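Report on the structure given below.
The values are calculated or read from the model by the stated rules, or taken from the named source; none is laboratory data. In this text the structure is predicted, and so the values were computed from the model without any measurement. Cβ atoms come from the backbone with ideal geometry, glycine included; neighbour counts cover every protein chain shown. Side chains are part of the model used for accessible areas, which takes the heavy atoms of the whole protein and leaves out ligands, DNA and RNA. Shrake-Rupley method; radii C 1.70, N 1.55, O 1.52, S 1.80 Å.
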Amino acid sequence: MKKFLMIYISKNKVFRGSGFNLLILTFVNITTLFVAQKSLLANELLLNMADQKKEEITPFIDDQYQTIDTQEFNFSEYEKLFLSQNPSEVENSIPPDLRVNPNPLELPTTPQEVETVTIPLSLEDAIAVAKGNSQQLKIAKINLEKSQAVLDEARAALFPTLSAAVTASRREEASQGLSTEASEQDTENQIAQLESSIPAIENQLDQIDSVLEQLNPADPTVIPTIVSLLIERNNVEQNLLSAQSSLESSREALRDIKNYAGTFIDGTVSLNYNIYSPGRQATINSASEQVLINQLEVQRIENELVLNVTLAYYDLQQADQEVKINQSDVTNRQIRLEGLQLQLEAQLATRVDLLNAQVELDNSIQNLRNSQTVQQTSQRNLARLLNLPPTVTPSASDAIAMSDLWEYSLEESIIMAYKNRVELQQKLAQRKSFEAQRQIALAQVRPTLALFANYQMLQSYTDDPRINTLVDGNFSTGYAFGLQLNWNFFDGGAANARARQADADIARTDQEYSQEADSIRFQVERSYLQLPSQIENIDTARQAVNRAQEAVEAAQIRFSAGVTTQTEVLDAQTRLVQAQNNLLNAVLGYNRAKAELQRAVKN
């Protein structure tokens, strides 16, 4: 410090003033040295932030790579969460404060219900929460359950159907009413005839009795006549009794003639079975392939969800780190501005230097505000992906570190992607589904053979009082069984047209399979080719940070010594911030490329 003061005073020999001015000069130089040393200390803290964990200083990211076992492919911790887990286990593993509302139709209604609290999450926790809360993943699982129900419905055609039907009815037949009216009319006519015939029979009987009274039974000659008349009288009397009896019966029958209602119970048991159905197995195959497609879709969405959460988490880490870098830059520039103000008061700096420093500080403050906005946006984006409750805002608790190295070659990675990617398996399942659809279409013009058997029971009751319903109720049974052959010989070519449509779908799926394979290869190559450049960028950025820090220190000393301008110091500070951002971008760029490569390669 003494050497510095001597150099500084010797370089300012033209300065004239009293001892008090010399004291001020000495104080200003000591202050300048203190600022330079404080800046140097801040830069040293930047280099050791990973160990000291001081949030007010920008951390320096360690460039040491973690060694990996070349005999075994080492996935990072969050990669292990790509594997499907039991939904109930995933849901139970989520803390209650992070679980989504079980009622998706319920939304907040007051501002207090959307006031958030910040909860730190590791990447592993974020992925676990996303798997338990994601609406898209839940929709995919619902679609899977639906397709499984469709498959069960298709498999039901392998079994016979057994049904029973019972019909109970009470009715009064209109046709029977017409018959009753006709019977009533006939009975009335019969009664009228009997009523008109009875007086004639009685008159005939009276005539016979009158003749018998005139004959003398003592006269032997009239005996035959008397006998004949007695026989005739007996016959006429029988006719009279018969007519009277018929009249009485007809009158009673007329009173009983009525359209009575009846109660009928009809039961049927039916058994049906399709012995031969050409489209049955094809329908089952189509439904089975759709289940497989939906199962693979659940895996695909889960993999995409993990990747999106991982990238969003990296974005939040980057936003957090940029806030710290900009905050440190603002702090350093504020300290520098305070030193310049002291120098300006001592006439050791110009107002232009002060104004430039103020402008640079204002720019840094704006950058800090912008980075804070990006940080908040990144937090809410991660909250959206995790489908967190409206009162929770996540923050990243993991420290930024470079992921493990990728140990496979590009060619091995491409082959692994071809073997593992569910998108290719989905295309193959879709192709088999379309083949089944083709068989279903052709089945419409092929014969079907079915077995049927029916057993019927009928019980009837009437309101007619002349019939004892408990004793005289009518009960009957019947049955039928047989084979039924159906064959639609000609449908105008509709079945063949649908089969050609399925053929077109198969050909399209073949091309989509090839297209998807090309897309997967490009994804692997794009991510793989980024890894070496990002590793080199990390090394270059690390060296750039060291050089930028040295440049800031040198510029501050040079400016304090009066051999350079404030512009050089401001430019050096700006380059340091840029170098720190470049290092941050390089590390997180490598992590992003690694995560995308893992997604592109693994299932």
Among residues of region 404-441, those that are surrounded by fewer than 16 Cβ atoms within 10 Å (Cβ to Cβ) and β-branched (Val, Ile, Thr), counted
1
Being crowded, with 20+ Cβ neighbours inside 10 Å and touching a residue at least 60 places away in the same chain (Cβ under 8 Å) narrows it down to one of Glu322, Glu304, so name that one.
Glu322
Note on region 514-538: residues of a type in the set (Ser, Thr, Tyr) and free of Cβ contacts under 8 Å to residues at least 12 places away in the same chain are Ser514, Ser519, Ser533
List the number of the failed condition for Asp152; all other conditions in (1) assigned to a helix (DSSP H, G or I); (2) open to solvent by 80 Å² or more (accessible area, probe 1.4 Å); (3) touching a residue at least 24 places away in the same chain (Cβ under 8 Å); (4) not assigned by the TED database to the domain that holds Ser228 hold.
(3)
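Looking for whichever is open to solvent by 20 Å² or more (accessible area, probe 1.4 Å), under 23 Å from Gln343 (Cβ atoms) and assigned to a helix (DSSP H, G or I) here; the options are Ala544, Ala551. Which one fits?
Values: Ala544 fails: under 23 Å from Gln343 (Cβ atoms).
Among Ala544, Ala551, only Ala551 is open to solvent by 20 Å² or more (accessible area, probe 1.4 Å), under 23 Å from Gln343 (Cβ atoms) and assigned to a helix (DSSP H, G or I).
From the list Ser277, Ser286, which residue is open to solvent by less than 20 Å² (accessible area, probe 1.4 Å), over 29 Å from Leu123 (Cβ atoms) and hydroxyl-bearing (Ser, Thr, Tyr)?
Numbers: Ser277 fails: open to solvent by less than 20 Å² (accessible area, probe 1.4 Å).
Residue meeting the stated conditions: Ser286.
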How about region 428-464: which of its residues are among the aromatic types (Phe, Trp, Tyr) and outside the structural domain of Leu296 (by the TED database)?
Phe452, Tyr455, Tyr461
Could you tell me which residue of region 347-363 is surrounded by the fewest Cβ atoms within 10 Å (Cβ to Cβ), considering only residues that are without any contact (Cβ under 8 Å) to a residue 40 or more places away in the chain and within 25 Å of Leu584 (Cα to Cα)?
Asp362
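In contact with an Asp or Glu (Cβ under 7 Å, 6 or more places away or on another chain) and small (Gly, Ala, Ser): does that describe Ala555? Can you show your working first?
Details: in contact with an Asp or Glu (Cβ under 7 Å, 6 or more places away or on another chain): yes; small (Gly, Ala, Ser): yes.
Considered against the rule, which asks whether it is in contact with an Asp or Glu (Cβ under 7 Å, 6 or more places away or on another chain) and small (Gly, Ala, Ser), Ala555 comes out as yes.
Out of region 113-149, which residues are assigned to a strand (DSSP E or B) and under 17 Å from Pro390 (Cβ atoms)? Walk me through how you get there before you give the answer.
Applying the first criterion (assigned to a strand (DSSP E or B)) to region 113-149 yields 117-121.
Across region 113-149, the qualifying residues are Val117, Thr118, Ile119, Leu121.
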So which residues in region 568-603 are out of contact with any Asp or Glu (no Cβ under 8 Å at 6 or more places or on another chain), under 29 Å from Ala357 (Cα atoms), among the polar types (S, T, N, Q) and surrounded by fewer than 22 Cβ atoms within 10 Å (Cβ to Cβ), if there are any at all?
Gln578, Asn582, Asn585
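So which residues in region 236-252 are without any contact (Cβ under 8 Å) to a residue 24 or more places away in the chain and either open to solvent by 80 Å² or more (accessible area, probe 1.4 Å) or charged (D, E, K, R) (or both), if there are any at all?
Gln238, Leu241, Glu248, Glu252 - these are the residues of region 236-252 that are without any contact (Cβ under 8 Å) to a residue 24 or more places away in the chain and either open to solvent by 80 Å² or more (accessible area, probe 1.4 Å) or charged (D, E, K, R) (or both).
Please work out if Gln484 is modelled with pLDDT under 90, assigned to a strand (DSSP E or B) and open to solvent by 30 Å² or more (accessible area, probe 1.4 Å).
Values: modelled with pLDDT under 90: no; assigned to a strand (DSSP E or B): yes; open to solvent by 30 Å² or more (accessible area, probe 1.4 Å): yes.
Considered against the rule, which asks whether it is modelled with pLDDT under 90, assigned to a strand (DSSP E or B) and open to solvent by 30 Å² or more (accessible area, probe 1.4 Å), Gln484 comes out as no.
So is Val352 of a type outside the set (S, T, N, Q), within 27 Å of Ala579 (Cα to Cα) and over 46 Å from the mean Cα position of the chain (by Cα) or not?
Details: of a type outside the set (S, T, N, Q): yes; within 27 Å of Ala579 (Cα to Cα): yes; over 46 Å from the mean Cα position of the chain (by Cα): yes.
Considered against the rule, which asks whether it is of a type outside the set (S, T, N, Q), within 27 Å of Ala579 (Cα to Cα) and over 46 Å from the mean Cα position of the chain (by Cα), Val352 comes out as yes.
I need the full set of residues from region 490-523 which are of a type in the set (A, V, I, L, M, F, W, C) and within 31 Å of the chain's Cα centre (by Cα), in order please. If you could, list the steps in order and put the result at the bottom.
From region 490-523, those of a type in the set (A, V, I, L, M, F, W, C) are 490, 494-495, 497, 499, 502, 504, 506-507, 517, 520, 522; that's our starting set.
Across region 490-523, the qualifying residues are Ala502, Ala504, Ile506, Ala507, Ala517, Ile520, Phe522.
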